[in-house]
Amino acid sequence: MGMADGFQEVIDSLPDDWTDLELDLRIFDEARYIEAATFLVTCNAQPYSHHDWHWRILCAHRFGHAAAAQAVHRSLLFLDEAGIDGEFEMREVRTGRAPVFNAWGRPESVREEFRRLHDQ
């Protein structure tokens, strides 16, 4: 199974109210580090400088300052398609957070759209 399929299994196993997760990624062939880094730009993977793992990836579900799950999946699929083998480990999952929205001074249409998106 490729890394993208493994990541999709992790996402599918999470409850619907998960908000963000953090995972570490490493590749097995360090000679392909630069090539792998170009694929991981899509999800803004943060490199570790002195660590056993190569990158840290932050992933958001519906909101937040992180890569969308689809972008992380696509980045891992790029690695799989290029034949760059590796592994990832989920470090932390957060659930139950709610987005903050300052509705003062906003038109009612904006507030309705926010409620429609986040009151699912």
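The values are calculated or read from the model by the stated rules, or taken from the named source; none is laboratory data. Please read all numbers here as calculations on a predicted model, not as lab measurements. Glycine gets a Cβ as well: all are built from the backbone with ideal geometry, and neighbour counts include every protein chain shown.
Does Ile57 qualify as being under 16 Å from Arg94 (Cα atoms), in contact with a helix residue (DSSP H, G or I) (Cβ under 8 Å, 6 or more places away or on another chain) and assigned to a helix (DSSP H, G or I)? Before you say what the answer is, go through the steps one by one.
Values: under 16 Å from Arg94 (Cα atoms): yes; in contact with a helix residue (DSSP H, G or I) (Cβ under 8 Å, 6 or more places away or on another chain): yes; assigned to a helix (DSSP H, G or I): no.
So Ile57 does not fit the description; no.
Evaluated against (1) outside any helix (DSSP H, G or I); (2) surrounded by fewer than 19 Cβ atoms within 10 Å (Cβ to Cβ), Leu21 falls short on exactly one condition, (2).
Scanning the stretch 24-36 for residues that are part of a helix (DSSP H, G or I) and either within 9 Å of the chain's Cα centre (by Cα) or basic (Lys, Arg) (or both) returns a single hit, Arg32. Among the residues of the stretch 53-91, those that are surrounded by fewer than 20 Cβ atoms within 10 Å (Cβ to Cβ), of a type in the set (A, V, I, L, M) and within 12 Å of the chain's Cα centre (by Cα) comprise Leu58, Ala60, Ala66, Ala68, Ala71, Met90.
Under the condition of being of a type in the set (Ser, Thr, Tyr) and at pLDDT 85 or above, the residues counted in the stretch 63-120 number 2.
Of all the listed residues (Phe63, Phe78, Phe7), the sole one being in a helix (DSSP H, G or I), within 22 Å of Thr95 (Cβ to Cβ), out of contact with any Cys (no Cβ under 8 Å at 6 or more places or on another chain) and not small (Gly, Ala, Ser) is Phe7. Filtering the stretch 6-22 to residues that are out of contact with any His (no Cβ under 9 Å at 6 or more places or on another chain) and not hydroxyl-bearing (Ser, Thr, Tyr) leaves Gly6, Glu9, Val10, Asp12, Pro15, Glu22.
Which residue is surrounded by the most Cβ atoms within 10 Å (Cβ to Cβ), if the candidates are limited to the stretch 37-52 and must be assigned to a helix (DSSP H, G or I) and hydrophobic (A, V, I, L, M, F, W, C)? Per the stated criteria, the residue is Cys43.
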